[in-house]
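The structure appears right after this line, and notes come after that.
The values are calculated or read from the model by the stated rules, or taken from the named source; none is laboratory data. Treat the numbers as computed from the prediction; the structure is a model and nothing was measured. Positions of Cβ are backbone-derived with ideal geometry, glycine not excepted, and every protein chain shown enters the neighbour counts.
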Amino acid sequence: MTDGRSAAAGSCITATEAANTSRSNTPSAWPTPESSRRWAVWATAIGQCLAETINGLYKAEVIHRRGPWRSLEAVEFVTLEWVDWFNNCQLLEPTGYIPPAEAEERYYATLDQTAMAA
């Protein structure tokens, strides 16, 4: 590109900014308020996308597949059942085919072991 911008798709970092970025602990490598705002906007967008994905999954698996619903209480009850299954029973490949709750317990156990070792 002719304006000095990085060729990466969606990148807003100039070549000069990229050249001045290092991975050391020097103050010049610390995030600037501008880059922090960009990361905050990006993280918010990712969070919204994840929430929409879960909402779509819930609607497809529960609301549309098991309907029609006779009452609001029936929808609330089946929602509680689905959330319990989603958090405690489903097996996911990224977690080694263990339920999310067990993966979370293992994660925090490793944090405790690391803190004790330090």
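When the test is whether a residue is touching a Ser or Thr at 6+ places or on another chain (Cβ under 9 Å), among the hydrophobic types (A, V, I, L, M, F, W, C) and free of Cβ contacts under 8 Å to residues at least 12 places away in the same chain, residue 60 does not pass it.
Where helices (runs of 4 or more DSSP H) sit wholly within the range 1-104, those with at least 2 residues that are modelled with pLDDT of 80 or more and surrounded by 10 or more Cβ atoms within 10 Å (Cβ to Cβ) occupy 33-58, 72-88.
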